[in-house]
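K.L.:
Supplied in structure tokens, the structure appears directly below.
Throughout, read-outs are computed from the coordinates displayed, never taken from laboratory work. Only a predicted model underlies this, so the values are computations on that prediction, with no experimental measurement involved. Using ideal geometry, Cβ is built from the backbone for each residue, glycine included, and neighbour counts are taken over all protein chains shown.
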Amino acid sequence: MDNVKIEARSLCAGYTSDILTDVSFSVRGGEIMTVIGPNGSGKSTLLKTLAMQLPRRGGHVYISGTDADKLQPRERAKKISVLLTERVNASLMTCREVVEAGRYPYTGFFGALTDNDREAASEAIRLTASEEFAERDFNAVSDGQRQRILLARAICQQPEVLILDEPSSYLDLRHKIAFMETVRRLAAEKNTAVIMSMHELDMAREISDSALCLKDGRVFCMGGADGVFTAANMTKLFDVSEEMFERYINTYNKERM
Amino acid sequence: MKRGHVFAFIALAVLTVLALCLNLGFGSADISVSETVGILLRGGSGTAYDIITKIRVPRALSALILGGALALAGYLLQMFFRNPIAGPFVLGVSSGAKLTAALVMIGAAASRVPLSSAAMVGAAFIGSMASLAFVLLISRRVRGMSMLVVCGVMIGYICTAVTDFVITFAQDSDIANLHSWSVGSFSGMTTENVIVILAVTVPALVGSFLLSKPLGAYGLGEEYAVSMGVNVRLLRTALIFLSGLLAACVTAFAGPVSFVGIAVPHIIRRVFRTSKPIILIPACFLGGGIFCMLCDMLARTVFAPTELGISTVTAIFGAPVVILMMIRGKRGGMNG
């Protein structure tokens with residue numbers, strides 16, 4: 001029962017003033033929680049705060065029951081890894097080297113890799129089905145491949161919590177699906193808690209176990225995916241009319257029925 | 001370490017020894033190779049002995065170490081600004097160091113206070129840090145790397161103009177060396193200078209090398225570095241401190257030396273085809289040493305007995321590399 005990997009209690013976050021207020025949730029191992037909401041609703045701020053890129057302005061975050069403030073940066077890095085929207089600067093690095101960079105918190109003073117580290121990198125590459133281009137230059141592969149490599153890097157860090165900020169934005173449909181399948185497999189196999197922001201509602205509903213909807217910096221609604229992803233919730237969350245929502249979002253589902 | 005890297009390091013070591021030999025063997029005084037070898041191995045006395053031990057050895061060694069220091073300073077600044085054309089010269093760091101060093105030199109000459117090498121390094125360090133502070137302020141306001149470089153060049157021009165102004169009105173027999181120093185030169189190095197240079201550069205080199213691991217993570221991107229547990233603020237401070245110190249040391253002794261800081265790290269990255277700091281830091285240092293020793297030899301010998309400024313030679317070989325880099329630009333460069 002108590003498999004909670006990350007828990008936030010009355011979290012407040014922002015840069016100079018609160019962008020997010022009073023956000024509380026918990027995610028278990030193997031669970032995928034998506035964070036959805038309109039642009040500017042605070043999704044990125046939430047993920048950045050959870051990833052400790054932004055100092056919290058209030059509330060608490062617990063990682064596997066430990067207060068995140070009490071964790072040393074290196075210990076924290078073994079528990080949380082991220083895939084961010086920041087551009088990765090990896091000239092003259094092969095994809096494998098980018099993945100291996102994820103071993104940072106585990107390696108010694110000079111960062112020399114052990115066989116164990118190499119094995120973890122290979123496994124992450126296998127898990128993301130990236131063997132084919134693993135030895136190529138990171139800058140020479142496609143966007144979809146690059147995203148898989150960055151996911152592999154995050155996996156290679158062997159985290160308990162994986163934070164993905166809009167990981168599917170630049171991918172085409174096939175790669176989106178492949179990416180989501182990998183995330184699902186990872187969550188199940190490694191008992192990892194996944195928190196992921198995304199814009200694609202159809203896909204979010206498919207992949208999520210639970211969802212957190214943000215609007216204007218507050219929790220609009222949250223809970224199991226089935227309860228959250230309803231037409232009523234989504235139209236209110238995004239301020240669109242039901243007619244438009246039906247026309248643009250639910251089309252495929254209706255044809256199927 | 002990969003086999004290719006081992007070979008490349010061996011090649012660098014061989015080139016270092018070769019360049020050192022060339023620098024010791026050639027000069028305006030005609031000393032035969034066998035005589036040079038004899039002096040180095042067995043000692044001796046007389047004019048030839050003095051020329052070798054008091055002029056050529058300190059000069060060759062300072063070119064080696066200061067060249068390495070420059071290349072390393074360039075590499076560190078490139079990592080800091082994530083910009084392959086950052087370097088102590090283009091960012092105005094060398095010129096800032098030159099300004100404060102010149103002021104202290106002239107002040108000391110005017111008040112007849114003897115000036116130690118360490119004090120010169122200290123003065124230059126203040127100037128290099130002041131220039132870096134300006135560049136950092138500007139870098140917060142401007143987006144885009146080319147703007148940063150343009151601002152650095154402008155800071156460089158301002159400092160150089162003030163330095164020239166001061167030097168022009170401080171014509172004094174005591175500062176006869178000031179002119180050759182202010183255009184950059186390895187001439188007139190003493191053994192005492194070399195000791196101070198070593199005392200500053202070696203700790204900075206070791207310090208940079210110890211930063212290899214966090215530096216590698218920082219190279220991937222700041223947010224990723226934070227997520228992997230790197231203390232980014234501390235790392236950035238260390239980068240600025242180390243590169244400022246290295247550039248200051250070079251400027252205090254040899255004046256401003258252009259393009260080594262950009263051209264050498266670029267060539268080294270191409271040769272080693274890696275971005276790993278643990279390999280690039282020592283490789284850049286050796287590469288910078290070789291580059292400066294060869295350039296200094298040309299500066300001394302091509303129009304002997306007239307000496308060229310070291311920057312004249314480094315610019316001839318270094319600037320085309322930078323231009324090529326900018327043309328080939330985005331594809332293979334650090335901005336990917």
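K.L.:
To make sure I understand, if each residue's beta carbon is the centre and we count other beta carbons within 10 Å, what order do B:T190, A:T21, B:T237, A:T128 fall in, fewest to most?
P.N.:
B:T237, B:T190, A:T21, A:T128
K.L.:
Would you mind listing how long chain B runs along its three principal axes, going by Cα atoms, in whole Å with the largest first?
P.N.:
63, 52, 34
K.L.:
If you don't mind, there's one more thing I want to ask. Would you order B:I327, B:I155, A:I249 from fewest to most other beta-carbon atoms within 10 Å of each residue's own beta-carbon?
P.N.:
Ordered by Cβ neighbours within 10 Å, fewest first: B:I327, A:I249, B:I155.
K.L.:
Regarding chain A, what are the three Cα extents along the principal axes, ordered largest first, in Å?
P.N.:
Computed over the Cα atoms, the extents are 56, 44, 37 Å.
K.L.:
Quick check on the protein assembly as shown: helices-only [θ] at 222 nm, where DSSP H runs of length 4 and up contribute -39,500 (n - 2.57) each and the sum goes over total residues. Nearest 500, please.
P.N.:
So the calculated ellipticity at 222 nm is -18500 deg cm²/dmol.
K.L.:
A follow-up question, please. Going down the table (A:K176/A:K236; A:K5/A:K70; A:K78/A:K176; A:K48/A:K236; A:K48/A:K79; A:K79/B:K276), which pairs top 18 Å between alpha carbons?
P.N.:
Correct reply: A:K176/A:K236; A:K78/A:K176; A:K48/A:K236; A:K79/B:K276.
K.L.:
What share of Cα pairs, in percent, lie more than 20 angstrom apart in region A:155-257?
P.N.:
45
K.L.:
From Cα coordinates alone, what are the radius of gyration and Dmax values for region A:53-102 in angstrom?
P.N.:
14.4, 42
K.L.:
Compute the signed sum of charges (Lys and Arg +1, Asp and Glu -1) over the other residues within less than 10 Å, Cβ to Cβ, of B:G229.
P.N.:
Around B:G229, the surrounding residues sum to +2.
K.L.:
Further question: Quick check on the exposure proxy: order B:C292, A:C213 from fewest to most C-beta atoms within 10 angstrom.
P.N.:
Taking fewest neighbouring Cβ atoms as first place, the list is A:C213, B:C292.
K.L.:
Let me see the P(r) profile for the protein assembly as shown: every Cα-Cα distance counted, bins of 20 Å, each bin given as a percent of all pairs.
P.N.:
Computed distribution, short to long bins: 19, 42, 26, 11, 2, 0.
K.L.:
Still on this structure, please answer the following. Would you mind working out the magnitude of the charge dipole of region A:111-257 relative to its Cα centre, with +1 at each Lys and Arg C-beta and -1 at each Asp and Glu C-beta, to the nearest 20 Debye?
P.N.:
160
K.L.:
Tell me, what does the Kirkwood hydrodynamic radius of region B:1-60 come to in angstroms if you use every pair of distinct C-alpha atoms?
P.N.:
In region B:1-60 this quantity evaluates to 12.8 Å.
K.L.:
May I pose another question? Compute the separation of the alpha-carbon centres of region A:78-135 and region B:1-15 and state it in Å as a whole number.
P.N.:
Their Cα centres are 26 Å away from one another.
K.L.:
Right, next: Given Cβ point charges of +1 (Lys, Arg) and -1 (Asp, Glu) and nothing else, what value in debye, to the nearest 20, does the dipole of the protein assembly as shown about its Cα centre take?
P.N.:
460
K.L.:
Which value, in Å to one decimal place, does the Kirkwood hydrodynamic radius take for region A:37-183 when every pair of different Cα atoms is included?
P.N.:
16.1
K.L.:
Only Lys, Arg, Asp and Glu count, each charged at its Cβ (+1, +1, -1, -1), so figure out the dipole size of region A:42-157 about its Cα centre, rounded to 20 debye.
P.N.:
Around 620 debye, computed over region A:42-157.
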